[in-house]
Amino acid sequence: MIEEKKIDEKRQGEILSIRSKSKTLATKKMYLESYGCAMNFSDSEIVASILQDEGYSTTKEIENADIVLINTCSIREKAEQTVRRRLKNFLKIKRKKPELTIGILGCMAERLKTKFLEQEKIVDLVVGPDAYRELPKLIKELEDGRKAVNVILSTEETYADVIPVRLGNNKVTAFISIMRGCDNMCSFCVVPFTRGRERSRDPLSIVNEIQNVYENGYKEVTLLGQNVDSYLWNNGLSKKEINKLPLQNQKNNINFAKLLELSAKKCPNIRIRFSTSHPQDMGDDVLYTMAKYKNICKYIHLPVQSGSSRILKLMNRGYSRDWYIDRIDAIKRIIPNCGISMDIITGFCSETDFDHNQTLSLMNYVKYDFGYMFKYSERPNTLAQRKYKDDVDEKIKSKRLTEIITLQQKHSLHNNKKHVGSIKEVLVEGYSKKSKDFLYGRTTQNTVAVFPKEDIKIGDLVNIKINDCTSATLLGNKY
Ligand code: SAH
Ligand code: SF4
Ligand code: F3S
């Protein structure tokens with residue numbers, strides 16, 4: 001989902017402040033911290049909305065909070081360790097202020113359930129991703145002296161009617177969830193266990209939300225799902241029920257290509273991105289729709305995980321190396337100049353040097369614009385954990401990861417250099433990290449550009465002449 005990864009890992013630990021809709025109602029203060037993928041950040045905005053209606057305002061100061069909520073990620077062991085370290089800090093605060101409520105939300109809550117209360121004694125509340133509507137009730141239970149847990153996964157919950165409280169740092173880009181859960185069961189992945197079955201959200205509520213953020217001044221939305229190409233809607237029926245319908249009734253189906261088209265037409269002045277595409281399900285219809293509408297960004301995040309068909313099979317990804325290459329060729333044919341990025345896992349069970357070289361050669365074929373690369377981290381109860389041995393030595397995993405990262409940097413630089421001398425349309429998102437005299441934004445291909453501020457404002461769509469670049473950034477000035 002999620003442009004998980006860099007944007008989000010960069011934002012890991014970021015403290016999000018929540019503004020209350022109604023200050024008069026607000027009697028208690030809440031502090032919310034989010035980890036993991038964009039879906040989790042988007043969920044935090046739903047949580048903020050639900051608690052705002054209960055009279056909670058927000059604070060950036062933990063010390064002032066009545067309740068601290070951590071929205072957690074389980075994707076790799078390291079992500080969980082980060083949360084546990086953070087909990088140790090909260091323990092110190094709770095010693096001084098025993099009445100402080102500490103709640104765990106998100107994927108670790110779902111994975112560990114009541115174990116959390118046993119292992120981390122300072123935790124009062126454990127609430128999984130499909131149970132956020134229950135938060136007010138659970139908080140009340142706490143007030144009656146009982147620790148509260150709700151981790152029941154749903155087959156229907158999409159929070160379609162909850163208007164999220166926008167927590168992001170800029171007022172330019174917003175996340176909008178279009179589906180929840182995942183049915184893919186990749187053998188390495190914990191998400192199907194923490195997020196439950198895949199379900200799509202009513203397209204009308206999605207399009208209305210896009211319209212709403214546009215009216216509130218936002219310039220770009222990212223539609224989120226673990227596998228957006230699998231989006232399917234027909235009158236609220238489940239995918240199984242839809243597939244059983246007579247063909248003539250399936251004409252009313254709204255798939256992802258149709259949803260994109262509806263969104264692009266209804267809001268022609270907002271830029272639309274989406275994440276994550278899945279190679280198994282990404283059809284040409286999505287690519288043609290992207291090519292047709294100027295406001296759909298020309299960027300696809302298409303995780304490959306491995307370049308070896310043998311490893312892809314063990315990963316249960318549902319496609320082979322050849323299939324993936326065919327999808328890349330289709331992107332390049334239908335949307336020339338489309339930005340392409342990937343996720344790769346290195347050192348998966350039984351991966352040999354040959355498999356690893358297959359990954360490197362695939363990277364050389366595609367020449368990704370950028371990527372998110374990880375060492376395989378075994379997750380409890382996944383198929384890989386139950387069936388295969390995590391047998392690639394840690395040192396070899398690291399060596400292979402370094403090789404992959406080095407190659408990717410070379411490709412990123414190569415691709416960025418091609419833009420030098422050209423003029424790129426950039427949506428300005430904020431100040432550059434290094435200096436307030438510079439701003440940064442993104443091209444349609446999702447490449448970051450940095451340029452002098454001059455008279456440019458955050459939220460502007462400006463033409464930037466690219467003069468130079470690094471492997472990560474284009475450098476230029478207003479044209
Ligand atoms: N739904 C998205 C991925 C979501 S998880 C998709 O299928 O593409 C984001 C990324 O984390 C994955 O693409 C994968 O590269 C990585 N990841 C997931 N489980 C992992 C594990 N057990 N160890 C290492 N990386 C993992
Ligand atoms: Fe995990 Fe695979 Fe689903 Fe992505 S598609 S969330 S990697 S199970
Ligand atoms: Fe996202 Fe992490 Fe859960 S990547 S879906 S928060 S395990």
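Would you confirm, using the coordinates I've provided, whether Ile70 is surrounded by fewer than 18 Cβ atoms within 10 Å (Cβ to Cβ), touching a Leu at 6+ places or on another chain (Cβ under 9 Å) and within 25 Å of Arg166 (Cα to Cα)? Steps first, answer last, please.
Working: surrounded by fewer than 18 Cβ atoms within 10 Å (Cβ to Cβ): no; touching a Leu at 6+ places or on another chain (Cβ under 9 Å): yes; within 25 Å of Arg166 (Cα to Cα): yes.
Taking the combined requirement at face value, the residue does not satisfy it.
If I filter the range 176-190 for residues that are of a type outside the set (A, V, I, L, M) and farther than 30 Å from Ile311 by Cα, do I get at least one hit? Walk me through it before giving the result.
Filtering the range 176-190 down to residues of a type outside the set (A, V, I, L, M) leaves 177, 180-184, 186-189.
With farther than 30 Å from Ile311 by Cα added as a condition, the list becomes 177.
Yes, because at least one residue in the range 176-190 is of a type outside the set (A, V, I, L, M) and farther than 30 Å from Ile311 by Cα.
Name the residue that is farthest from ligand 3 (Cβ to nearest atom), counting only residues in the range 337-346 that are open to solvent by 10 Å² or more (accessible area, probe 1.4 Å) and modelled with pLDDT of 95 or more.
Taking the range 337-346 and keeping what is open to solvent by 10 Å² or more (accessible area, probe 1.4 Å), we get 337-338, 343, 345.
Filter again for modelled with pLDDT of 95 or more, leaving 338, 343, 345.
On the way: Cys338: 24, Asp343: 11, Ile345: 13 Å.
Out of the qualifying residues, it is Cys338.
Six or more apart or on different chains, Cβ atoms under 6 Å: show the pairs whose first residue is in the range 188-215 and not assigned by TED's automatic domain parsing to the domain that holds Glu80 and whose second is within 16 Å of ligand 3 (Cβ to nearest atom) and part of a helix (DSSP H, G or I).
Within 6 Å, the pairs are Phe188/Ala384; Thr194/Cys107; Thr194/Glu110; Thr194/Arg111.
Keeping to the range 257-288, report how many residues are of a type outside the set (Asp, Glu) and in a helix (DSSP H, G or I).
The total comes to 12.
Give just the number: which of (1) open to solvent by less than 50 Å² (accessible area, probe 1.4 Å); (2) assigned by TED's automatic domain parsing to the domain that holds Cys349 does Ser435 not satisfy?
Unmet for Ser435, out of (1) open to solvent by less than 50 Å² (accessible area, probe 1.4 Å); (2) assigned by TED's automatic domain parsing to the domain that holds Cys349: (2).
Which fully enclosed helices (runs of 4 or more DSSP H) of the range 149-256 have 3 or more residues being more than 16 Å from ligand 1 (Cβ to nearest atom), open to solvent by less than 60 Å² (accessible area, probe 1.4 Å) and touching a helix residue (DSSP H, G or I) at 6+ places or on another chain (Cβ under 7 Å)? Before the answer, list the steps.
Details: elements: 191-195, 203-215, 239-244, 247-250.
Qualifying helices (runs of 4 or more DSSP H): 203-215.
Which one of the conditions (1) in contact (Cβ under 8 Å) with a residue 12 or more places away in the chain; (2) open to solvent by 30 Å² or more (accessible area, probe 1.4 Å); (3) within 16 Å of ligand 1 (Cβ to nearest atom) does Gln81 fail to meet, given that it meets all the rest?
(1)
Take Leu142 and decide whether it is part of a loop (DSSP other than H, G, I, E, B) and not acidic (Asp, Glu).
Numbers: part of a loop (DSSP other than H, G, I, E, B): no; not acidic (Asp, Glu): yes.
Answer is no for this residue.
The values are calculated or read from the model by the stated rules, or taken from the named source; none is laboratory data. Predicted model only: the values in this text are computed from it and were never measured. Positions of Cβ are generated from backbone atoms using ideal geometry, with glycine treated the same way; all protein chains shown enter the neighbour counts. SASA here: full protein model, heavy atoms, side chains in, ligands and nucleic acids out. Shrake-Rupley method; radii C 1.70, N 1.55, O 1.52, S 1.80 Å.
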